[in-house]
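**Q** One structure, pasted below without further comment.
The values are calculated or read from the model by the stated rules, or taken from the named source; none is laboratory data. It should be emphasised that the depicted structure is a prediction, and the values quoted were computed from it without experimental measurement. Note: ideal-geometry Cβ built from the backbone for every residue, glycine included; neighbour counts use all protein chains shown. Accessible surface areas use protein heavy atoms only, side chains included; no ligands, DNA or RNA. Shrake-Rupley method; radii C 1.70, N 1.55, O 1.52, S 1.80 Å.
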Amino acid sequence: MASDINSVFNYLINMKLVYKNIIINTVVSVLILFAGEFSLYFFLKNKIEKETVEHLYLERYIMMKQLKKGVNIESFRHNIGDVLEIETISSVFYSKPIIQEIEVDEEWEEEHFTSKKIIFDVIQNGRTYRVSILKTIDEDEGLAGSMEAIIFISTFCMLIILVAINVLVYYKLFSPVYQLINDIKNFSVQNLKKIVPPKTTTQEFVILSQEVSKMSEKMIKDYSSVKEFIENMTHEIQTPLAVINTKVERCMQDENLTNDQAILLSDTSKAVNKLFNINKGLTLLSKLDNKQYNSPEEIQINKLIQQRIHYFLDFIENKKITLNENYFEECYVTMDISLAEILVDNLFKNAIQHNFEAGKIEVTVKKNEFVIRNTGEIPIESTDKFFNRFYSQNAYKSLGLGLAIVKKITDYYNFTLNYNFELGVHSVTINFK
Amino acid sequence: MNILVVEDEIDLSKEVADYLSDLNYNCYIANNYQEALNMLDEVDFSLLLIDLKLPDGNGIDLIKYIKKKKISAGIIILSANNELDTRIEALDAGADDFLIKPFHLSELNARAKALIRRNFHKGNNIVEYGEIKIDIPKLEVIVNEKQLLLTGKEYELLLYFIANAGKVITKEAISYSVWSHHSDMDVSNEIIYTHVKNLRKKLMGAGSTDYVKSVYGIGYKFGI
């Protein structure tokens, strides 16, 4: 329940600008409308009441004037259209007129009237009379009611028009913004296509889209120069590496080499080899970044693994590792064959290199799933880092590019890659679906 | 046997030429496309080592030129470019092999020898060293007229040793050549050691001289 409220709340908070605006507008308009209606109602009512009272005073005034002229009070009974009552009383009680409000329920019409009554006492010919004049205000109030209805309806219509205009204006005015949002969403530096500012005359949007466009251009430029640098670097470094390698090999041919010199040369050769492998890995990663693998074919994972394991048997045997293979179901995956080989190879390399002597490796293939488990040391740091470039717990053992490549390949094909460590066993799961 | 090295990196071309000259080849160097064309017109080559990126031209065009002129030399591409497409393009144009920079000289030599053997000793492709004879098409090793059974890796090792006889071979080169793709796995050294040990045992068991000598810190040397 709480989560329901939360989700509704979230929904409200994360609404589109246009709906937010409409809701705020509507709520405020309705509130103002009601407040206006109420104040208008009371204002009119008050005014009508006042006028009624004034009217009653006026009638009294006219009456008093005529009485002074000597018109017989009895004649008023027929003169005034309003309900007039004249009764004889013993002494003057209301020397000043008073106003009374009277509610009348007329049963046959099922209507409710409010009336105002003015009561005053007069003396004529030595006799005291109490005059009360009654005036209903319902007639006038009806007018107020219809006025109110007109105002209410017109305001309601206005509200609807307001909402409609809002929606239209928003979609029209904000269409360049939505266009821009869409462009930003679809933007990828790898496409090398900058964001073209959508056509708009709204000043803020012009500035916004121009800035976004500039930013995208800058990103592409930066990305391209970094990419170019890596590509040039990896390519241009290869020839000098080849020179070093051949020179070292030539030195090694020297028969008068001392043991120390031999070790120095061997270390140099190893370092060059390492550089070469880093280079190879980086080239692969940048090729994946550039989406340069576009010849997918259907691959039978079971068969591929059996083939690739063959290359590792020497290494597995050397470390006296027990290998278990479980092929439960056939697993077919559509991907580039060279990438599939690299994927499987890197996982095997990883499982062998980070294994104990006489450790274990278990390979499991199910439909759409490949799991490789191996015994190994407890990870020192967060396991999320395993898929980062150049992350290696033991720099001597590996370059730390292997799993980054695995991650990149799985990302390339939208496979899910999971790693976990439990009870001394590392397991990497790839879900191909 | 004449070999032409077409490579614009002077240092590298010189090293390659020197190494191969030591192994009794006549090596010529061309540092650009034009030089290569001139030399091809003048000298009869058995093997061409071609870099794809030349300052004044493309190695692929050079291969096409060679094929057009019906020059029967074997062609090995030496390139820093690892792209599959480039390799396919080069092989389609008529190259026989493709070696990615940086390479081991011993690897280059082994491939060069294999290519020359294929081209010039058709049908009778036999490698001999002392009392050891390897029949390449049959994958047979004969020592003192008796067949010797070797594992696949031992066979490849022996072939690599003989191709580079007299030269010091690094463990990296061996692991690259025999364990092809997994040279970046550090367990290689022990594995190489085990395989070399087994190979020596088998060869000596068959009455062969112990040709394999280990070179401290570096690797091995095959020869007397």
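**Q** From A:I409, A:I372, which residue is part of a helix (DSSP H, G or I), at pLDDT 85 or above, closer than 26 Å to A:E330 by Cβ and among the hydrophobic types (A, V, I, L, M, F, W, C)?
**A** Details: A:I372 fails: part of a helix (DSSP H, G or I).
Selected residue: A:I409, the only one of A:I409, A:I372 that is part of a helix (DSSP H, G or I), at pLDDT 85 or above, closer than 26 Å to A:E330 by Cβ and among the hydrophobic types (A, V, I, L, M, F, W, C).
**Q** Regarding segment A:104-117, can at least one residue be identified that is at pLDDT 75 or above and either out of contact with any strand residue (DSSP E or B) (no Cβ under 9 Å at 6 or more places or on another chain) or open to solvent by 80 Å² or more (accessible area, probe 1.4 Å) (or both)?
**A** no
**Q** Right, next: Determine which single condition A:S427 fails, assuming it passes every other condition in (1) closer than 20 Å to A:A358 by Cα; (2) hydroxyl-bearing (S, T, Y); (3) modelled with pLDDT under 65.
**A** Of the numbered conditions (1) closer than 20 Å to A:A358 by Cα; (2) hydroxyl-bearing (S, T, Y); (3) modelled with pLDDT under 65, the odd one out for A:S427 is (3).
**Q** May I ask you to list pairs of residues, at least six apart or on different chains, whose Cβ atoms are under 8 Å apart, with the first in segment B:102-115 being among the acidic types (D, E) and the second being assigned to a helix (DSSP H, G or I)?
**A** Here the result reads B:E107/B:A173; B:E107/B:Y176; B:E107/B:S177, each pair linking segment B:102-115 to a residue that is assigned to a helix (DSSP H, G or I).
**Q** Since B:E145 meets every condition but one in (1) modelled with pLDDT of 90 or more; (2) under 27 Å from B:R118 (Cα atoms); (3) open to solvent by 70 Å² or more (accessible area, probe 1.4 Å), which condition does it not meet?
**A** B:E145 satisfies all of (1) modelled with pLDDT of 90 or more; (2) under 27 Å from B:R118 (Cα atoms); (3) open to solvent by 70 Å² or more (accessible area, probe 1.4 Å) except (1).
**Q** With the requirement that a residue be open to solvent by 30 Å² or more (accessible area, probe 1.4 Å), touching a residue at least 40 places away in the same chain (Cβ under 8 Å) and within 14 Å of chain A (Cβ to nearest Cβ), what does segment B:152-162 give you?
**A** If the condition is that a residue be open to solvent by 30 Å² or more (accessible area, probe 1.4 Å), touching a residue at least 40 places away in the same chain (Cβ under 8 Å) and within 14 Å of chain A (Cβ to nearest Cβ), then B:K153 is the only one that fits.
**Q** Restricting the search to segment B:79-92, which residues are open to solvent by less than 20 Å² (accessible area, probe 1.4 Å) and either within 11 Å of chain A (Cβ to nearest Cβ) or in contact with a Lys or Arg (Cβ under 8 Å, 6 or more places away or on another chain) (or both)?
**A** Filtering segment B:79-92 for residues open to solvent by less than 20 Å² (accessible area, probe 1.4 Å) gives B:79-80, B:90.
Within segment B:79-92, B:S79, B:A80 meet the criteria.
**Q** Additional query: Of the conditions (1) open to solvent by 50 Å² or more (accessible area, probe 1.4 Å); (2) closer than 30 Å to A:G36 by Cα, A:N182 fails just one. Which one is it?
**A** The number of the failed condition is (2).
**Q** Filter segment A:274-303 down to residues that are of a type in the set (V, I, T) and open to solvent by 20 Å² or more (accessible area, probe 1.4 Å) and give me whichever is nearest to A:N191 (Cα to Cα).
**A** Initial filter on segment A:274-303 (of a type in the set (V, I, T)): A:278, A:283, A:299, A:301.
From what's left, open to solvent by 20 Å² or more (accessible area, probe 1.4 Å): A:278, A:283.
On the way: A:I278: 26, A:T283: 19 Å.
If we take residues in segment A:274-303 being of a type in the set (V, I, T) and open to solvent by 20 Å² or more (accessible area, probe 1.4 Å), then A:T283 is nearest to A:N191 (Cα to Cα).
**Q** Can you tell me which residue among A:Y61, A:Y94 is surrounded by 15 or more Cβ atoms within 10 Å (Cβ to Cβ) and assigned by TED's automatic domain parsing to the domain that holds A:I153?
**A** A:Y94
**Q** Considering each residue of segment A:234-273, count those that are open to solvent by less than 20 Å² (accessible area, probe 1.4 Å), more than 7 Å from chain B (Cβ to nearest Cβ) and over 56 Å from the mean Cα position of the chain (by Cα), and give that number.
**A** Matching residues across segment A:234-273 total 1.
**Q** Kindly provide the set of residues from segment A:303-345 that are of a type in the set (D, E), closer than 21 Å to A:E369 by Cα and within 13 Å of another protein chain (Cβ to nearest Cβ), ordered by number. Step through it out loud before you land on a result.
**A** Filtering segment A:303-345 down to residues of a type in the set (D, E) leaves A:314, A:317, A:325, A:329-330, A:336, A:341, A:345.
With the extra rule that they be closer than 21 Å to A:E369 by Cα, the set shrinks to A:325, A:329-330, A:336, A:341, A:345.
Of everything in segment A:303-345, those that are of a type in the set (D, E), closer than 21 Å to A:E369 by Cα and within 13 Å of another protein chain (Cβ to nearest Cβ) turn out to be A:D336, A:E341, A:D345.
**Q** Mind listing whichever residues of segment B:6-56 are within 14 Å of chain A (Cβ to nearest Cβ), closer than 21 Å to B:K70 by Cα and charged (D, E, K, R)?
**A** Selection gives B:D51 alone.
**Q** Being of a type in the set (K, R) and without any contact (Cβ under 8 Å) to a residue 24 or more places away in the chain is the filter here; which residues of segment A:8-52 pass it?
**A** Kept after step one, since they are of a type in the set (K, R), are these residues of segment A:8-52: A:16, A:20, A:45, A:47, A:50.
Those that are of a type in the set (K, R) and without any contact (Cβ under 8 Å) to a residue 24 or more places away in the chain: A:K16, A:K20, A:K47, A:K50.
**Q** If you don't mind, there's one more thing I want to ask. Quick one: which residue in B:D85, B:D61, B:D92 is outside any strand (DSSP E or B) and either in contact with a strand residue (DSSP E or B) (Cβ under 7 Å, 6 or more places away or on another chain) or within 27 Å of A:V272 (Cα to Cα) (or both)? Can you show your working first?
**A** Values: B:D61 fails: either in contact with a strand residue (DSSP E or B) (Cβ under 7 Å, 6 or more places away or on another chain) or within 27 Å of A:V272 (Cα to Cα) (or both); B:D92 fails: either in contact with a strand residue (DSSP E or B) (Cβ under 7 Å, 6 or more places away or on another chain) or within 27 Å of A:V272 (Cα to Cα) (or both).
After ruling out the rest, the residue left standing is B:D85.
**Q** Which residue pairs have Cβ atoms closer than 6 Å, lie 6 or more positions apart in sequence or on different chains, and pair a first residue in segment B:41-55 that is polar (S, T, N, Q) with a second residue that is modelled with pLDDT of 90 or more?
**A** B:S46/B:N2
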